[in-house]
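Taking it in order: structure first as structure tokens, then the write-up.
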Amino acid sequence: MELLKACDLAKSFGNTHAVKGINFHIEEGRCVSLLGPNGAGKTTTLKMLSGLLEPTSGSIDFKGEKAKDLREFIGYLPQYPAFYNWMSGKEFLVFAGQLAKLNRKEAEIRSEELLERVGLTNAKKRKIAGYSGGMRQRLGLAQALIHRPKLLMLDEPVSALDPLGRREVLDMMREIKEETTILFSTHVLHDAEEISDDILIINAGEIAVSGSLGSVMEKYRQPILHIEFESQAADWLKSITSYSVVSEVDIQGNKVSIVLNDMVNGKQTILQDIVDRKLPILKFETSQTTLEDLFMKVVKA
């Protein structure tokens, strides 16, 4: 079932067109990653969806609620969440709950539930000033969930975390997506592949690729040969670009990645040519294009 639909959504800042009339929808119960390089329009899009920015044009339809304030349906965690450092973790959550129109008792109960869920029960009375980066991000997640939103939006939720903090937040997102629709922006493509159901790739303010992760990867997947030579084989590598089985060639010193149109025939052709020319190789491996390969192709287009 469709939860949210953006139609011709655009945002301009003076003569700068940050988001250029994009169209997309989010299905209920899905985890959607919003991908794109810095400056692509990810944060601007999230802020419009959350009600923090007024669109220059276009509309946002949340289950038929076009004109209504959508904040009651949405939980939002910015990339750099702000806290009152003199508050304890629990005090902050109770405060956030009351801002979200929970009464004091409801805010207290909900805060205790979420503190346990994000692993901060033992630190609930500590001042936020003493929280680590990972603890702050987990507290931010709890704040975004305080009013049981139908859509949780996270802007680069793990970008500032160390590997341990990143893993903690990803594990929580994996649990949360079982009960709440998630839209999160990231430039860490491995994270998107790990927990996303759907992806949106935005570039220069426009949606370049969208769809389920599986269908997008199936559509764009291509076989690749990875070859490492004992020494550079530049002349031969330049010549293979004319082969009918070769789609792209990426040369990095004495290493090369060759995108093929046909894995079976391409691998045989390339390997036979290497043998005939007696080119010394250290590695000859096959693989498929990844989300990172697709991302780089879209961004460079």
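Nothing in this text is a laboratory measurement; each read-out follows from the coordinates by a stated rule. Worth saying up front: this structure is predicted, and the values here are computed from it rather than measured. Here the Cβ positions follow ideal geometry from the backbone for every residue, glycine too, while neighbour counts run over all protein chains shown.
Among bridges DSSP assigns within the range 75-185, what percent are antiparallel (round to 5)?
If we restrict to bridges inside the range 75-185, about 10 percent are antiparallel.
Can you tell me the FRET efficiency between E194 and S244 if r is taken as the Cβ-Cβ distance and R0 is 41 Å, rounded to the nearest 0.05?
Values: r = 36 Å, r/R0 = 0.88.
Efficiency at R0 = 41 Å is approximately 0.70.
Rg and Dmax of the range 197-301, Cα atoms, in Å?
Computed over the Cα atoms of the range 197-301, radius of gyration and Dmax are 15.7, 49 Å.
For a quick check: sort T286, T180 by the number of other beta carbons within 10 angstrom, fewest at the front. Could you put the intermediate results ahead of the total?
On the way: T286 12, T180 19.
The order, fewest Cβ neighbours first, is T286, T180.
I want to check the label-to-label distance for S132 and N15. Put each point 7 Å from Cα in the C-beta direction and report it in nm to one decimal.
4.8 nm
For C31, C7, which order do you get if you count the other beta carbons within 10 Å of each Cβ and list the fewest first?
Least crowded to most crowded, the residues run C7, C31.
Taking the dipole about the Cα centre of the range 176-251, with the C-beta of Lys and Arg at +1 and of Asp and Glu at -1, give me whichever of T180, I207, S196 is farthest to the positive side.
I207
Projected area of the chain, taken from the Cα convex hull and averaged over every viewing direction, in nm²?
Answer in nm², one decimal: 19.4.
Could you compute the net charge surrounding S196? Neighbours are other residues with a C-beta less than 11 Å from the C-beta of S196; K and R count +1, D and E count -1.
On the way: positive: R30, R174, K177; negative: D191, E193, E194, D197, D198.
In short, -2.
Can you classify the range 17-81 as rounded, prolate or oblate using the Cα gyration tensor, where a ≥ b ≥ c are the square roots of its eigenvalues, rounded means a/c under 1.5, and otherwise it's prolate if a/b beats b/c and oblate if not?
Working: a/c = 1.38, a/b = 1.22, b/c = 1.13.
Rounded is the answer for the range 17-81, as its axis ratio a/c remains below 1.5.
What nm distance separates the two modelled labels at Q222 and L279, each placed 7 Å from Cα along Cα→Cβ?
Inter-label distance under the simple model: 1.8 nm.
Figure the gain on full extension for Q252 and Y80 (residue separation times 0.36 nm, minus the Cα-Cα span) and round it to one decimal in nm.
This chain segment gains 58.3 nm when fully extended.
Past the 27 Å Cα-Cα mark, which pairs from K42/K238; K11/K63; K42/K177; K5/K105; K63/K300?
Working: K42/K238 38 Å; K11/K63 22 Å; K42/K177 20 Å; K5/K105 35 Å; K63/K300 35 Å.
Pairs exceeding the cut-off: K42/K238; K5/K105; K63/K300.
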